[in-house]
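The values are calculated or read from the model by the stated rules, or taken from the named source; none is laboratory data. Please read these numbers as outputs of a predicted model, since none were measured by experiment. With ideal geometry, Cβ positions are generated from the backbone for all residues, glycine too; neighbour counts draw on all protein chains shown. For the accessible areas, the whole protein counts, side chains as well, though only heavy atoms, and no ligand, DNA or RNA atoms are used. Shrake-Rupley method; radii C 1.70, N 1.55, O 1.52, S 1.80 Å.
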Amino acid sequence: TTLPQDESSYFSSARVERRTSRDQSMEKLQAIINSAEESEEAKQQANEKITAISSYINIENKIETLVCAKGVNNCLAVISEDGNRVDVIVDSETLDDTLIMQIKDIAVSQSGCSFENISIIQSTK
């Protein structure tokens, strides 16, 4: 599939920013794990954070795929660092109550976050 030229530069650049931020976090955590000076507890915590970030990446991808399957042109899901919030940015001409509820249901079922901690944002880009 080809995307419109400005695809959505907004969605493309947001994905790159998200990936860059996550990559930097993973590198720092991996450095803790590889460090001879760090305690076993610190290494264990770093390993748990790496596992959480990897899980968030998979969940975000599932949310994006499922939301786009509902007819949304493009979608970006971002799970907060603590895993308690999900922001879903959508490129959709119409964002009615039915679609909002479907997107929230997808995000809740995939992330395990509570309904009120899911934000749906309509992109104007």
Problem - the chain, relative contact order [Cα under 8 Å, separation at least 6], % - result: 20
Exercise for the section: For segment 1-110, with all protein chains present and a 1.4 Å probe, just round the carbon and sulfur fraction of the accessible area to a whole percent. Expected result: 47
Problem - Listed values (i) 61, 25, 25; (ii) 65, 28, 18; (iii) 54, 33, 21, entry calculated as Cα extents along the principal axes in Å - result: (iii)
Problem - Options Gln44, Ala14, Gln24, ranked by Cα towards positive dipole end of the chain, top entry (Cβ charges) - result: Ala14
Completion exercise
Partner lysines whose C-alpha sits under 29 Å from that of Lys70, ignoring same-chain residues fewer than 8 away, are Lys62, Lys104, Lys125
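About the Cα centre of segment 1-117, what is the dipole size in debye to 20, counting +1 per Lys and Arg Cβ and -1 per Asp and Glu Cβ, all else neutral?
About 240 debye.
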Fill in the blank from the handout: Computed, not fitted: 222 nm per-residue ellipticity of the chain from DSSP H runs ≥ 4 (each -39500 (n - 2.57)), nearest 500, equal to -20500 deg cm²/dmol
